[in-house]
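A.B. asks: I am attaching a structure below and will ask some questions about it afterwards.
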Amino acid sequence: MIINLASVNTNDKPVLILKSISGIAIQTLGYAYNVTLDICYNEISKLTFDIPAYVDGVRTPNYDEVKGSNIVDVLGFGQFILFDPQKSSDGIKEIKSCSAYSLEYEFAKKVITIENGTYNFWNPLSPSDTIIGIILEKMTSWTVGSIDQTLIGKYRTFEASGTKIYDFIKSTVQESYGCIFDFDTYNRVINVVSVNSVVPTKPIYLSKDKLVKKIDIDENSDEIITCLDVNGAEGVNIRSVNPMGTNKIYNLDYFMNETNFTSEMIAKWESWKSQYNSYQVLYYNKTVELNIQTARYVTEQAKLTTLNGELTSLENIQAVIIQGISQGLKTQADLNEINLRISNKNNEISAQNAVIANVQASIDSLSEDLTDINQATSFEAFFSSSEITLLERYFIEDSFEDSTFVSASTETYDNDAISSKLSGITFDASNSTITTISIDGHQMYSLSGGQISLYPGGNSANPVITANVIKACFDNVSGQFVFTAYLNSGNYTGQGDYDGACITATGTCQIQTASANALKFYVSSGDLYFTINTTEYAKQSVEWDLYDYGVDVLEEKAFPSYTFNVECGNFLVIDDFITFKNSLSLGKRIYLNLDGEILTPYVVGMSINYENKNQ
């Protein structure tokens with residue numbers, strides 16, 4: 001929770017306003033004393049105070065309303081929920097000792113159940129099936145505020161059963177999506193920022209010659225990790241998307257200095273990093289192309305199965321005609337006609353086998369290219385065996401597993417796959433994040449998030465398929481296209497609703513729209529393959545997300561972390577530091593002079609004792 005102190009006058013005691021659960025003001029608690037505030041970022045904050053039953057022999061107004069579940073507004077800081085006030089009396093005086101948690105504690109009083117599935121974090125155009133939307137269905141008095149753009153269309157897979165919503169947010173949602181919930185307790189608004197977002201540094205400068213009395217620094221170097229084995233659930237890993245072709249990623253930046261290595265070794269390490277990083281985009285592009293060709297192979301095989309089925313039907317007709325000729329019921333002309341149709345069908349089958357062979361050749365070639373990249377980014381390509389032995393001394397290994405990265409396969413239809421012809425169908429993808437990829441003369445479009453609709457001609461009112469998109473890719477060469485998509489919830493006319501599926505389409509198309517967030521193309525003829533089972537494209541889409549997440553985790557773990565506890569003068573009550581007071585916000589950075597070195601740590605907590613103005 002970001003708390004701006006601009007409106008707080010701490011020269012006097014804070015203004016505490018008692019409110020009912022509904023938020024209606026009851027009384028200003030002007031007689032409260034021993035007021036302390038422990039304000040935390042990304043944790044529940046706490047307020048404590050005492051209030052007497054009588055002052056100068058007069059009953060404190062609304063003393064009896066100071067009870068659990070009512071709300072205390074600490075003017076300028078936020079709203080807090082009272083819990084379990086403790087009453088003490090010595091026969092002469094009576095006092096209530098009160099504690100209160102910041103208003104987001106309401107989320108700890110509700111439970112949430114989510115079925116096992118893949119969920120989008122947030123989609124402002126279709127919020128109902130998103131994580132934020134599901135949470136707000138339970139917390140109806142709260143609304144959504146600003147959501148970091150990088151979190152829109154971000155999918156993870158998990159389930160929750162009877163879990164407190166606050167625990168679910170803290171233990172699952174924030175870790176899985178890499179985000180921080182920021183609760184605006186005055187407006188009951190949920191704001192969410194990405195952990196990778198740029199955090200501004202406020203114009204607050206603390207040093208030992210001004211304000212700072214004492215600094216305690218805890219270094220957590222024992223928790224450094226430089227080699228991370230990255231895994232999802234149910235066999236999902238990063239081998240097929242890691243340029244090294246292994247399940248491990250490395251970061252020796254903290255140790256790579258002349259205290260530990262020679263300048264020659266450092267130069268080799270930097271060369272390896274440069275080579276590895278330069279191949280990441282190419283490896284990704286070739287993996288996408290391999291996914292497309294693999295999806296196309298499955299579709300072409302399905303088409304071949306259909307052709308073989310049609311051939312079998314023709315051969316059955318042929319057998320009936322031959323029998324009819326022997327009985328005088330059919331003529332030679334009938335046999336010649338069916339023989340011609342069989343011959344044509346065999347030609348179609350031969351042509352389709354040739355198409356499949358070409359696709360397989362592309363798959364083999366791309367696989368070889370990926371193997372070459374694995375070899376080019378291996379340690380053996382840069383270091384001798386003795387140098388690798390030295391590097392291994394600094395490989396502090398750990399394994400990382402996140403069950404939200406899983407290629408879930410569901411069984412909701414009688415048939416695992418549906419193959420059908422396409423003719424005069426429009427593919428319309430909207431509200432997606434679309435990037436263009438060029439490789440080997442192909443121009444591909446990679447889609448993330450958004451929605452897709454397939455409908456006849458231009459009649460968008462009668463879609464055949466609708467779905468939320470997790471990942472998709474479109475490859476078009478001279479009007480010949482391959483489109484493959486990993487889908488979340490949707491509907492297939494004649495089949496019903498589904499929780500997850502994959503589609504691949506091939507054929508001839510004309511692009512109508514191609515922008516940064518929309519793609520529309522018209523298919524004059526082609527084939528569609530629909531399956532609820534996990535395809536290679538769907539699996540590798542999850543693996544790419546897992547790889548990116550693993551890199552972020554290792555980047556954080558590869559360096560020691562430092563915790564600063566700073567005891568300083570209470571600049572909130574000093575007029576000369578009014579700018580500091582107006583700028584201070586939790587979750588933001590400040591400047592800290594540590595023996596001449598200027599650091600910019602995050603402010604993650606603040607404790608204010610209103611009975612001691614020096615602290």
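A.B. asks: Take the conditions in contact with an Asp or Glu (Cβ under 9 Å, 6 or more places away or on another chain) and closer than 16 Å to Glu536 by Cβ and apply them to Thr306. Does it pass? Walk me through how you get there before you give the answer.
C.D. replies: On the way: in contact with an Asp or Glu (Cβ under 9 Å, 6 or more places away or on another chain): yes; closer than 16 Å to Glu536 by Cβ: no.
Considered against the rule, which asks whether it is in contact with an Asp or Glu (Cβ under 9 Å, 6 or more places away or on another chain) and closer than 16 Å to Glu536 by Cβ, Thr306 comes out as no.
A.B. asks: Specify the residue that is surrounded by the most Cβ atoms within 10 Å (Cβ to Cβ); the eligible residues are those in the stretch 39-59 that are of a type outside the set (A, V, I, L, M) and modelled with pLDDT under 90.
C.D. replies: Here is the first cut: in the stretch 39-59, the residues of a type outside the set (A, V, I, L, M) are 40-43, 45-46, 48-50, 52, 54, 56-57, 59.
From what's left, modelled with pLDDT under 90: 40-42, 56-57.
Working: Cys40: 17, Tyr41: 19, Asn42: 16, Asp56: 5, Gly57: 5.
Checking each candidate, the answer is Tyr41.
A.B. asks: Whether any residue in the stretch 52-64 is within 30 Å of Gly153 (Cβ to Cβ), outside any strand (DSSP E or B), in contact with a strand residue (DSSP E or B) (Cβ under 6 Å, 6 or more places away or on another chain) and of a type in the set (A, V, I, L, M) is what I want to check.
C.D. replies: no
A.B. asks: Identify, from the list Phe158, Phe83, the residue that is out of contact with any Lys or Arg (no Cβ under 7 Å at 6 or more places or on another chain), open to solvent by 10 Å² or more (accessible area, probe 1.4 Å), within 18 Å of Leu47 (Cβ to Cβ) and in a strand (DSSP E or B). Let's see the steps before the verdict.
C.D. replies: Working: Phe158 fails: within 18 Å of Leu47 (Cβ to Cβ).
Selected residue: Phe83, the only one of Phe158, Phe83 that is out of contact with any Lys or Arg (no Cβ under 7 Å at 6 or more places or on another chain), open to solvent by 10 Å² or more (accessible area, probe 1.4 Å), within 18 Å of Leu47 (Cβ to Cβ) and in a strand (DSSP E or B).
A.B. asks: Could you please let me know if Ile92 is over 20 Å from Tyr186 (Cβ atoms), at pLDDT below 90 and hydrophobic (A, V, I, L, M, F, W, C)? Before the answer, list the steps.
C.D. replies: Details: over 20 Å from Tyr186 (Cβ atoms): yes; at pLDDT below 90: yes; hydrophobic (A, V, I, L, M, F, W, C): yes.
Judged against the criteria, Ile92 is a match.
A.B. asks: Now for a different question. Any residue that is over 30 Å from Val72 (Cα atoms), at pLDDT 90 or above and not aromatic (Phe, Trp, Tyr) - is there at least one of those in the stretch 196-215?
C.D. replies: no
A.B. asks: Among Leu370, Leu340, Leu290, which is the only one that is open to solvent by 30 Å² or more (accessible area, probe 1.4 Å) and either under 30 Å from Thr226 (Cβ atoms) or among the hydrophobic types (A, V, I, L, M, F, W, C) (or both)?
C.D. replies: Working: Leu370 fails: open to solvent by 30 Å² or more (accessible area, probe 1.4 Å); Leu290 fails: open to solvent by 30 Å² or more (accessible area, probe 1.4 Å).
Being open to solvent by 30 Å² or more (accessible area, probe 1.4 Å) and either under 30 Å from Thr226 (Cβ atoms) or among the hydrophobic types (A, V, I, L, M, F, W, C) (or both) holds for just one of Leu370, Leu340, Leu290, which is Leu340.
A.B. asks: Assuming Gly145 fulfils every condition listed in (1) touching a residue at least 40 places away in the same chain (Cβ under 8 Å); (2) open to solvent by 50 Å² or more (accessible area, probe 1.4 Å) apart from one, which condition is it?
C.D. replies: (2)
A.B. asks: A further question follows. Of all the strands (runs of 3 or more DSSP E) wholly in the stretch 504-606, which have at least 2 residues that are modelled with pLDDT of 85 or more? Explain how you work it out, then say what you get.
C.D. replies: On the way: elements: 518-531, 561-568, 589-594, 597-599.
In the stretch 504-606, 518-531 are the strands (runs of 3 or more DSSP E) which contain 2 or more residues that are modelled with pLDDT of 85 or more.
A.B. asks: Return the residues of the stretch 422-474 that are among the small types (Gly, Ala, Ser), in a strand (DSSP E or B) and either open to solvent by less than 40 Å² (accessible area, probe 1.4 Å) or at pLDDT 90 or above (or both); say none if nothing qualifies.
C.D. replies: Residues of the stretch 422-474 that are among the small types (Gly, Ala, Ser), as a first pass: 423-424, 429-430, 432, 438, 441, 446, 448-450, 453, 457-458, 460-461, 467, 472.
Then keep just the ones that are in a strand (DSSP E or B); that gives 429-430, 438, 446, 448, 453, 467, 472.
If the condition is that a residue be among the small types (Gly, Ala, Ser), in a strand (DSSP E or B) and either open to solvent by less than 40 Å² (accessible area, probe 1.4 Å) or at pLDDT 90 or above (or both), then Ala429, Ser430, Ser446, Ser448, Ser453, Ala467, Ala472 are the ones that fit.
Table: residues versus (1) touching a residue at least 60 places away in the same chain (Cβ under 8 Å); (2) surrounded by 14 or more Cβ atoms within 10 Å (Cβ to Cβ); (3) within 24 Å of the chain's Cα centre (by Cα).
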residue: Leu228; (1), (2), (3): yes, yes, yes
residue: Val236; (1), (2), (3): yes, yes, yes
residue: Asn260; (1), (2), (3): yes, yes, no
residue: Ser263; (1), (2), (3): no, no, no
residue: Ala267; (1), (2), (3): no, no, no
residue: Lys286; (1), (2), (3): yes, yes, yes
residue: Arg296; (1), (2), (3): yes, yes, no
residue: Gln301; (1), (2), (3): no, yes, no
residue: Ser313; (1), (2), (3): no, no, no
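A.B. asks: I would also like to ask the following. Filter the stretch 119-155 for residues that are hydrophobic (A, V, I, L, M, F, W, C) and in a helix (DSSP H, G or I); which is modelled with the lowest pLDDT?
C.D. replies: Initially, the stretch 119-155 is screened for residues hydrophobic (A, V, I, L, M, F, W, C), giving 121-122, 125, 131-132, 134-136, 139, 142, 144, 147, 151-152.
Subset that is in a helix (DSSP H, G or I): 131-132, 134-136, 151.
Details: Ile131: 95, Ile132: 96, Ile134: 95, Ile135: 96, Leu136: 95, Leu151: 91.
Only one residue fits best here, namely Leu151.
A.B. asks: Search the stretch 527-545 for residues that are within 20 Å of Ile425 (Cβ to Cβ) and pair each with any residue that is open to solvent by 30 Å² or more (accessible area, probe 1.4 Å) and of a type in the set (Gly, Ala, Ser) when their beta-carbon atoms are under 6 Å apart and the residues are at least 6 apart or on different chains.
C.D. replies: What qualifies is Leu528/Ser420; Tyr529/Ser419; Thr531/Ala417.
A.B. asks: Of these, Glu401, Glu392, which one is at pLDDT 90 or above and either open to solvent by 50 Å² or more (accessible area, probe 1.4 Å) or among the basic types (Lys, Arg) (or both)?
C.D. replies: Details: Glu401 fails: at pLDDT 90 or above.
None of the others qualify; the one that does is Glu392.
A.B. asks: Specify the residue that is nearest to the chain's Cα centre (by Cα); the eligible residues are those in the stretch 477-503 that are touching a residue at least 24 places away in the same chain (Cβ under 8 Å) and open to solvent by 40 Å² or more (accessible area, probe 1.4 Å).
C.D. replies: Among them, the one singled out is Asp499.
A.B. asks: Kindly indicate whether Glu289 is in a helix (DSSP H, G or I), at negative phi and modelled with pLDDT of 95 or more. Reasoning before the result, please.
C.D. replies: Working: in a helix (DSSP H, G or I): yes; at negative phi: yes; modelled with pLDDT of 95 or more: no.
The answer is no for Glu289.
The values are calculated or read from the model by the stated rules, or taken from the named source; none is laboratory data. Bear in mind the structure is a predicted one, so any value in this text is a computation, not a measurement. Cβ sites come from the backbone with ideal geometry, for glycine too, and all protein chains shown count toward neighbours. Note: areas computed on protein heavy atoms with side chains; ligands, DNA, RNA excluded. Shrake-Rupley method; radii C 1.70, N 1.55, O 1.52, S 1.80 Å.
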